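Let me begin by presenting the structure, written as C-alpha cells, before commenting on it.
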Amino acid sequence: VVPEGYEIKQIADVLADRGLADRERFIELASDARLVFGENVPLDLPIPSLEGYLYPDTY
C-alpha cells in the first residue's frame, strides 16, 4: 500500500523495499511524460512526471 501524499521518490522507495520495482528505473519511467501522453506530448503543456497521476492504494 502506498500512503496518500507520497511523492514519486517515496513511492519508489516503497516499491523497491517490497521488491516490486527497481527504485531508479521507477523514477525514470515516472518522470517520462510519454507514459501519460504517448508520443503526442502537448508542446505547450509541460508534464515533468507522473506526479499527481499515481493514486494511493491502487498498486
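Which pairs have Cβ atoms under 9 Å, sit 6 or more apart or on different chains, and link a residue in the range 10-31 that is touching a residue at least 24 places away in the same chain (Cβ under 8 Å) to one that is of a type in the set (S, T, N, Q)?
Note: pairs meeting the criteria are ALA30/SER49.
Considering the range 30-49 alone, what residues qualify as being aliphatic (A, V, I, L, M), out of contact with any Ser or Thr (no Cβ under 7 Å at 6 or more places or on another chain) and at pLDDT 70 or above?
Selection gives ALA33, LEU35.
Being more than 10 Å from the chain's Cα centre (by Cα), at pLDDT 85 or above and hydroxyl-bearing (Ser, Thr, Tyr): is that true of TYR6 here?
On the way: more than 10 Å from the chain's Cα centre (by Cα): yes; at pLDDT 85 or above: yes; hydroxyl-bearing (Ser, Thr, Tyr): yes.
Here the answer is yes, as TYR6 does meet what is asked.
Within the range 1-36, can you find the residues that are among the basic types (Lys, Arg), exposed (fewer than 15 other Cβ atoms within 10 Å of the Cβ) and more than 13 Å from SER49 (Cβ to Cβ)?
Here is the first cut: in the range 1-36, the residues among the basic types (Lys, Arg) are 9, 18, 23, 25, 34.
Add one more test, that the residue is exposed (fewer than 15 other Cβ atoms within 10 Å of the Cβ), and what stays is 9, 18, 25, 34.
Residues satisfying the conditions are ARG18, ARG25.
Quick check, is ILE27 at pLDDT 70 or above and in contact with an Asp or Glu (Cβ under 6 Å, 6 or more places away or on another chain)?
No, not satisfied.
The values are calculated or read from the model by the stated rules, or taken from the named source; none is laboratory data. Quick caveat, the model's predicted, so the values are computed rather than measured. Here the Cβ is made from the backbone with ideal geometry for all residues, glycine too, and neighbour counts use every protein chain on show.
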